[in-house]
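No value in this document is a laboratory result; all are computed from the given coordinates. These figures come from a predicted structure and were not determined experimentally. All Cβ positions, glycine included, derive from the backbone under ideal geometry; neighbour counts span all protein chains shown.
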Amino acid sequence: MTEPLLTFTDRGICCPKGGFHIDPWRPVDRALVTHGHADHARPGHRRYLATRAAAPGMRHRLGDIDVETVEYGEVREIGGVRVSYHPAGHVPGSAQIRVEHRGEVWVVSGDYKVEPDGLSEPFEPLRCHAFISECTFGLPVFKWQPQAEVASEINGWWAKNKAEGRVSVLGAYALGKAQRILAAVDPDIGPILTHGAVENTNEVLRAQGVALPDTIRVTPELDAKAHPGALVLATPSALGTPWMRRFGPASTGFASGWMALRGVRRRRAADRGFVMSDHADWEGLNAAIRDTGAERVFVTHGYTSIFCRWLSEQGFDAQVVETAWEGESLDTADEGEVEG
Amino acid sequence: MVGAEAPALGAGGRCPAVPAGRNSGRGALHFRHSANGNPMKRFANLFTRLDQTTKTSLKVAALSDYFREAPEDDRLWTIALLSGRRPKRTVTTTRLREWAAERAGIPLWLFEESYPIVGDLAETIALVLPDAEEESDRSLTHWISHIKSLSQHAEEERKRQVLEAWNQMGKTERFVFNKLITGGFRMGVSQKLMTRALSQATGVEEPDLAHRLMGDWSPETTSYRALILEHDPSADLSKPYPFYLAYQLDEGPWELGDPAEWAAERKWDGIRGQLILRGGDHYLWSRGEELMTDRFPELAVLKDFLPMGTVIDGEVLAWTQDAPLPFAQLQKRIGRKTVPKKLLAEAPVILKAYDLLEHEGEDVRSIPFAERRNLLETLVERAPPEAPVRLSPLVPFDHWDALAAERERSRDLQAEGVMLKRLDSPYRDGRRKGDWWKWKVDPLTVDAVLIYAQQGHGRRANLFTDFTFAVWSGNELVPFTKAYSGLTDAEFRRITAWVRKNTLERYGPVRAVKPEHVFEIAFEGIQESPRHKSGVALRFPRMARWRHDKPAQEANTLNDLREMLAAYG
């Protein structure tokens, strides 16, 4: 038996034949990166390869890095291995990475979501022999509503707050979730203010031609009370801090897949929890894995041992891959600064 | 293998088929405001509104809206549920788990793995079940009687009916239904708030309502109209008055003004009880509105020594030779519906009387404490010495420092502290500030090492909140108590992160952790316990402080505990 096409090392996923790593967490020569989130795009690599849409966000976060870009579907030969990036539907620019050598196909999912969100390039099912899948929400208790229903809940909450003289402060991860909410809510309800971290990402995306509704950056000079009934998009960690005082009476909300659990909703102490995730739910994970036609499935990020056992019982050759990053677990969901 | 109702298997027969569009999913427990015409949905919306806020005013508003709009039978059941009158469990949780897993098309082990992560059984079931295929407009009252009637059926029929119910409800209704069926229904609203909301909705005064809601009623024996709107409390001879509860005096009494306006008593360490003598019978109620008459049969003779038309507020104490026995003795009698003779002889009880609520058949709660006390003294002093009733003596003091000195003697007298009652105050209802205060002795404390940790449930799911603590015996750490409360949410998160990284061993849900962190454990009492390895058991242990400043080696020892046992046990 020859060496597998992809191996798992203490630096992350490695392709010895092609001489590259995928989403490595320690510095390497050549890093293929699925998307710009901090647990996937790490600093310190010599060369990066990412989608054209993901690169500006990575530069924004990691500074002056050497990034080469590819289009979705474009095939690169690296060390004799055919590599291509395909939409993962997680956030704008996010990709699954397909690796092929002598007819053997592996796919690294990165983070993914199967439901189109109106902003990210929609998830593309890929056939492969081996699939490395995240399973952040790999439990049968996680089943998402369609996005339109969540958006109408947010609209209803915002409109009611506005009518009752309150601002609506919504906590959402600054890269991806916040823009997805921007694209989904009804901007006719009122003005939309943004926390600096959110607005920085908005600027990067607008510069790439992504259409987002008009927003107003919250700065120390801004008279926040001049925008009554506004929706304020904030980072989760800004909720409940002195930063919020400027808005006067406010209702707080938090948008995350973890809000599906009542215990987490109540611990967050936000007035409202909206179940909106950038990850696949239970049914989404199962559908995506089945559609790959893969026999071998490696699971990472999330309830890996439980999900692995489930897949094994379904007849897959399933294994857990350890990662240095817990990813977006329930523990970090309590801390605030997480996607999910 | 998955159950008969599992979804069809996909290509290759491996994974359940998932509909491509996936538009049917309705993820979380979320609410809609429009519930017109569906009373169960209306009740579920009430639950959601209460659940979504910690603000008292919003909770009261949600409840009073409900009390104005819901069908009367449902209002009555809601009042019953919020005053602890829950239907009994008619299906075991084991069966519910099996049925839910089968209906969801998942193996039971997967359900069992999901449950501790969600942290709540009723919620886990509501989340894993597929969406309802039917609708129903049945009321809360209907569903509760449906749940009660399940006990008449054989298991197969119970299962059929529960699955049918699940298939007619949205996520939140299902969650509430599951809470009702498992007998664990709570809504995070005190009886006091509920009474306030009901008062807003009906215009009936709060104290009057509180009285109407007391005692031995259930939605099956009365109606909303009869209980709330038309009820004459005096028609029910067993009906107790609402208890008046004191607030803790944290900073001492020095700000309470002139000591001459106050009476002080010992704070007795027994069971609060209201003794009712009416119509030739006697009734003894606990503060939790439980009828305890049969548990303390020796009090029955009070019918012969005190006049009918008398209601006394006092403390049930195990008592011999003019002194209270340790609480442990009384504890043996709690939870026993009938009492063996031996125990009656070992731990006889008396009523330590401290207030009079009804005199010669008249409600005297509105006259001043000093006058009620005089009436009470006359009644009790007329009873012969063998009558199991004693006055709770007043503790004389002429300045606050003298009272402070009296408080210091509390442990020696087997008391928990002192009570302060304003001499001109009426007997009020519920916990209200101003007229009654309890000034407890400072708790005992011991510095202990955290050695085991376990995750909590519900709001505390996924946080390590249940801890076992140890003290040193030579080089060995001997566990002596558990504690669950006293830390802030932030501290629980911090210790949770630490536990995950410092687990030495796992025993099922329990993790042995590095003996590194010291906590100050506060408790109200200590007693000998042969059942515990340490030989002691604590009352009301909680974490008073996280001693970041103290290394594990400097925690207390088993000898220190034994000395406390000798001094206070």
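A simple count of charges around A:Asp10, restricted to other residues whose Cβ falls under 10 Å of its Cβ and scoring Lys, Arg +1 and Asp, Glu -1, yields +1. For the protein assembly as shown, a simple Cβ point-charge model (Lys and Arg +1, Asp and Glu -1, everything else neutral) yields a dipole of about 780 debye relative to the Cα centre. Can you compute 3J(HN,Hα) from phi for each residue in the stretch B:176-184, using the Karplus curve 6.51 cos²θ - 1.76 cosθ + 1.60 with θ = phi - 60°, rounded to whole Hz and x for Gly and Pro? Whole-Hz 3J(HN,Hα) from phi for the stretch B:176-184: 5, 4, 5, 4, 5, 6, 8, x, x. Residue by residue along A:256-265, Cβ atoms of other protein chains within 10 Å of the local Cβ number 6 on average. For chain A, the longest principal axis of the alpha carbon atoms and the long axis of helix A:282-292 meet at an angle near 30°. Computed log10 I(q)/I(0) for the stretch B:144-261 at 0.19 Å⁻¹: -1.10, from the Debye equation with unit scatterers placed on every C-alpha and solvent omitted. The antiparallel fraction among DSSP beta bridges confined to the protein assembly as shown stands at about 65%. The residue among A:Met244, A:Cys15, B:Phe67 whose Cα reaches farthest toward the positive pole of the charge dipole of the protein assembly as shown, with charges on the beta-carbon of Lys, Arg, Asp and Glu, is A:Cys15. Computed over neighbours whose Cβ is under 11 Å from that of A:Glu199, the net charge equals +1, Lys and Arg +1, Asp and Glu -1. What would the Debye equation give as log₁₀ I(q)/I(0) for chain A at q = 0.08, 0.12 Å⁻¹, counting only Cα atoms as equal point scatterers? At q = 0.08, 0.12 Å⁻¹ the computed log10 ratios are -0.38, -0.83. Put simply, when A:93-99, B:249-255, B:300-306 are sorted by average Cβ atoms within 10 angstrom per residue, most first, you get A:93-99, B:300-306, B:249-255. Projecting the Cα atoms of B:Ala101, A:Val67, A:Ala38 onto the dipole axis of the protein assembly as shown, where Lys and Arg carry +1 and Asp and Glu carry -1 at the beta carbon, places B:Ala101 farthest toward the positive end.
How high is the relative contact order of the stretch B:204-277? Use alpha-carbon pairs under 8 Å, at least six apart in sequence, and give a whole percent.
It comes to 31 percent, rounded to a whole number.
Computed across chain B, the Kirkwood radius stands at 27.3 Å (inverse of mean 1/r, all Cα pairs).
If you take the square roots of the eigenvalues of the alpha-carbon gyration tensor of the protein assembly as shown and sort them as a ≥ b ≥ c, do you get rounded (a/c under 1.5), prolate (a/b over b/c) or oblate? It comes out prolate by the Cα gyration axes.
Only Lys, Arg, Asp and Glu count, each charged at its Cβ (+1, +1, -1, -1), so figure out the dipole size of chain B about its Cα centre, rounded to 20 debye.
Details: 80 positive and 81 negative charges, 407 e Å.
So the dipole magnitude of chain B works out to roughly 1960 debye.
Note on the protein assembly as shown: dipole from Cβ charges, positive end direction compared against B:Pro259, B:His517, B:Leu237; the farthest Cα belongs to B:His517.
Might you report the magnitude of the Cβ-based charge dipole of the stretch B:444-568 about its Cα centre, with Lys and Arg at +1 and Asp and Glu at -1, to the nearest 20 debye?
On the way: 18 positive and 14 negative charges, 122 e Å.
That gives the stretch B:444-568 a dipole magnitude of about 580 debye.
When peptides B:277-290, A:191-204, A:149-162 are ranked by their average number of other Cβ atoms within 10 Å per residue, the highest-first order is A:191-204, A:149-162, B:277-290. Taking every alpha-carbon pair under 8 Å whose residues sit at least 6 apart, the stretch B:115-258 reaches a relative contact order of 20 percent. If a/c stays under 1.5 just call it rounded; otherwise compare a/b with b/c (prolate if a/b is bigger, oblate if not). Do that for the stretch B:436-518, with a ≥ b ≥ c from the square roots of the Cα gyration tensor eigenvalues. Oblate is the answer for the stretch B:436-518, as a/c is 1.5 or above yet b/c matches or exceeds a/b.
The helix-only estimate of mean residue ellipticity at 222 nm for chain B, built from DSSP H runs of length n ≥ 4 each weighted as -39500 (n - 2.57), is -9500 deg cm²/dmol after division by the residue total.
Electrostatic bookkeeping for A:Asp214 treats Lys and Arg as +1 and Asp and Glu as -1; over the other residues with beta carbon under 15 Å from its beta carbon, the sum is -2.
Using only DSSP helix segments of four residues or longer, with each worth -39500 (n - 2.57), what per-residue ellipticity at 222 nm results for chain A after dividing by its residue count and rounding to 500? Please report the intermediate quantities before stating the final value.
Details: 8 runs with 79 residues, N = 340.
-7000 deg cm²/dmol, from helical runs alone.
At a 10 Å Cβ-Cβ cut-off, how would you order B:Lys482, B:Lys501, B:Lys352, A:Lys177, fewest neighbours first?
On the way: B:Lys482 14, B:Lys501 8, B:Lys352 22, A:Lys177 26.
In order of increasing Cβ crowding within 10 Å: B:Lys501, B:Lys482, B:Lys352, A:Lys177.
Based on Cα contacts under 8 Å between residues 6+ apart, chain B shows a relative contact order of 11 percent. Annotation: the antiparallel percentage among DSSP beta bridges lying fully within chain B is about 90. How many angstrom separate the Cα center of the stretch A:103-131 from the Cα center of the stretch A:266-287? Here the two parts' Cα centres lie 20 Å apart. Pairs exceeding 24 Å between alpha-carbon atoms, taken from B:Lys88/B:Lys342; B:Lys337/B:Lys433; B:Lys59/B:Lys148; B:Lys501/B:Lys550; B:Lys352/B:Lys440; B:Lys341/B:Lys533: B:Lys88/B:Lys342; B:Lys337/B:Lys433; B:Lys59/B:Lys148; B:Lys341/B:Lys533. Label the stretch A:147-274 by shape, choosing from rounded, prolate and oblate, from the square roots a ≥ b ≥ c of the eigenvalues of the Cα gyration tensor; if a/c is under 1.5 it is rounded, and otherwise prolate applies when a/b is larger than b/c, oblate when it is not. Since a/c stays below 1.5, the shape of the stretch A:147-274 is classed as rounded.
Rounded to the nearest 10 degrees, the angle from helix B:56-69 to the longest Cα principal axis of chain B is 70 degrees.
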